[in-house]
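Heads up: the structure comes next, in structure tokens.
Please treat every number below as a calculation from the coordinates, not as lab data. This structure is a prediction, so every number in the text was calculated from the model and none was measured. No Cβ is skipped: glycine too gets one built from the backbone with ideal geometry, and neighbour counts run over all protein chains shown.
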Amino acid sequence: MVNDDFYQNNRLFYKSKYWRCEHQNLCYPNGFLNYPKKTYDYFLEVLHSFDTTNNHYKILDLGCGNGLLLKHLLDNSYLEIEPFGVDFLENSILQAKNLLHKEFQSNFICCNFIDYDFSHFPYDFVFLDPYHLQQNEVEFITKVLKHTKTAVIFYTYYDVLENLKYNSVKEFPILKPFMLDSFEHQEMSFAILHKK
């Protein structure tokens with residue numbers, strides 16, 4: 001069952017943390033002071049590890065901030081990518097639509113991603129940090145997988161894992177029911193849920 005207080009408290013926290021004042025630093029609404037090229041390149045590495053033989057890939061980032069990661073993938077991948085993003089901070093989605101993804105404005109939605117209707121499915125890949133989910137929402141992950149053609153790519157940062165006393169993103173209780181492959185990097189942990 002969805003606890004609206006959990007998501008409302010998170011929304012208020014991130015709004016305060018990332019949008020205390022108007023700014024043009026496109027990194028800050030994603031939790032970075034400077035452009036995180038190395039971090040975003042990890043996502044490219046994971047994405048390119050798949051047998052990608054199609055011409056066009058729809059990628060959905062649940063909790064996309066202003067879409068900076070998706071912009072990095074668009075600019076640096078050899079794949080043809082159509083980006084989709086969902087975030088519950090209106091200012092972040094406005095930056096995505098007006099600055100980073102003008103040609104894909106309709107693909108960026110402001111809502112709690114737990115309420116997203118997956119209207120453009122199927123997506124080839126979905127990015128999701130399980131830290132932003134309540135730990136009893138296994139049904140939501142099943143719903144995400146249902147709307148995905150290739151894989152759901154879970155990720156989190158090692159500072160989060162350290163605070164939770166986990167060694168890998170696979171240790172989140174919400175992910176325990178699933179068979180996952182993992183990739184570990186210097187700053188991040190990834191777990192892949194493949195579509196069968």
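Quick notes on this structure:
- Of all residues in segment 145-174, those satisfying the criterion of being farther than 24 Å from ASP41 by Cβ, touching a helix residue (DSSP H, G or I) at 6+ places or on another chain (Cβ under 9 Å) and aliphatic (A, V, I, L, M) are LEU164, ILE174.
- Count of segment 67-87 residues which are surrounded by 16 or more Cβ atoms within 10 Å (Cβ to Cβ) and out of contact with any strand residue (DSSP E or B) (no Cβ under 8 Å at 6 or more places or on another chain): 3
- Members of segment 5-44 found to be exposed (fewer than 12 other Cβ atoms within 10 Å of the Cβ) and touching a strand residue (DSSP E or B) at 6+ places or on another chain (Cβ under 9 Å), listed by number: none
- Some residue of segment 143-155 being within 30 Å of ARG20 (Cβ to Cβ) and not charged (D, E, K, R): yes
- Flag if SER49 is small (Gly, Ala, Ser) and within 20 Å of TYR155 (Cβ to Cβ): yes
- In summary, helices (runs of 4 or more DSSP H) completely within segment 1-83 and bearing 1 or more residues that are more than 21 Å from LYS102 (Cα to Cα) and of a type in the set (Ser, Thr, Tyr) occur at 4-18, 37-48.
- Test result for PHE113, touching a residue at least 40 places away in the same chain (Cβ under 8 Å) and touching a Gly at 6+ places or on another chain (Cβ under 7 Å): yes
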